[in-house]
């Protein structure tokens, strides 16, 4: 998608639209799986090379644009506008104004992968990204969207494409520049850490 | 499911309306929370100055209808400046907590005024027996006057 990653100051990368009003500001979290009870995978515990911190970072862009290179060096305890993601230990507060009916929150993601990351990453980087919400009235319907580069989306004129889950859901994948829809791959660095230059949304 | 006892003796519940449909003109004397499956267990908050109810849910990318994780009832004692929350998870676990009112994280729009019947605000966790008897599992008073 357009503008993904820490090298971007874009606001229009990912968003969720709520059909009904919420009762609190939503948060963005990442967990091992959809039981939302553990964060033991390598993408949370990290490795020796990356200092044993979570791979994934996020920044809330609902209220303002981040500066370029927004990825935090270390996670912040609890919730913050910018944070590494690990369950309820480290998460992102997506807004400062509680969304009303039709309201939306936006964010950007970054994948930082170290040279000693486990390959293949099938069971080490397959966490679940999730939004936590609170509401007191009608159940809101969530519309998940990304700014679709393939559809010509730009920061100034976003092309919001709604995620269409496959049988196993929707996937957000770190990728090399030059990856294609039929070949989404990411090459780990030979030393140090590397921020994925691209991100793809897929249904498989 | 929440049930709100109204000043005047009658009650309403979540099968009749959303919490956000409650009128703030009619004060509440107590609020109860019952698990949708474990209906013998209920939690009650009474004699507080304000009450609220919230559903907590999560959704992953592409999921349009969120999964409900827990229902929460809360109440606030304005004189002491303390709020109390009772969270009933989908698995049937009960989690209670108190907080200073300055840490209230929800919109004030969901606060419904309460009316005290007795002196001290209180909470209780009750299990109904097979013969309709009620067994109090836990109870207390967060802010006694």
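Values quoted throughout were computed directly from the atomic coordinates according to the rules given, and no laboratory measurement underlies them. Predicted model, so just to flag it, every value in this text is computed and none were measured. Don't worry about glycine lacking a Cβ; one is built from the backbone with ideal geometry, like all the others, and counts go over all protein chains shown.
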**Asked** What is the P(r) of region A:1-67, as percent of Cα-Cα pairs per 10 Å bin from 0?
**Response** 16, 35, 40, 9, 1
**Prompt:** What is the distance, in nm, between label points placed 7 Å from the Cα along the Cα-to-Cβ direction at residue B:69 and at residue B:89?
**Reply:** 1.0
**Message:** I need the per residue convex hull volume for region A:81-160, using only the alpha carbons, in cubic angstrom as a whole number.
**Reply:** 173
**Prompt:** Listing A:34, B:14, B:23 from the residue with the fewest other Cβ atoms within 10 Å to the one with the most, what is the order?
**Reply:** B:23, A:34, B:14
**Message:** Show me the three semi-axes of the equivalent ellipsoid for region A:123-201, from the C-alpha gyration tensor (sqrt of 5 times each eigenvalue), largest first, rounded to whole Å.
**Reply:** 27, 18, 13
**Complete:** Taking R0 as 25 Å and r as the Cβ-Cβ distance between residue A:181 and residue A:126, the FRET efficiency 1/(1 + (r/R0)^6), rounded to the nearest 0.05, comes to 0.80
**Ascending count of other beta-carbon atoms within 10 Å, so fewest first, for B:2, B:19** = B:19, B:2
**Item:** Inter-chain shielding of B:49-55 (mean C-beta neighbours from other protein chains, 10 Å cut-off)
**Value:** 3
**Prompt:** Kirkwood Rh, the protein assembly as shown, all Cα pairs: how many Å?
**Reply:** 21.9
**Prompt:** Hey, if you drop one equal point scatterer on each alpha-carbon of chain B and run the Debye formula without solvent, what base-10 log of I(q)/I(0) do you get at q = 0.11, 0.17 Å⁻¹?
**Reply:** -0.40, -0.97
**Request:** Could you grab the Rg to Rh ratio for chain A? Cα atoms only, Kirkwood for Rh.
**Result:** 0.94
**Request:** Based on the mean of other Cβ atoms within 10 Å per residue, sort peptides A:137-149, A:50-62, B:94-106 so the most packed one is first.
**Result:** A:50-62, A:137-149, B:94-106
**Prompt:** Rg and Dmax of region A:21-100, using alpha carbons, in Å: what are they?
**Reply:** 13.2, 43
**Prompt:** Helix-derived [θ] at 222 nm for chain A: sum -39500 (n - 2.57) over DSSP H runs of at least 4, divide by residue count, nearest 500?
**Reply:** -500 deg cm²/dmol
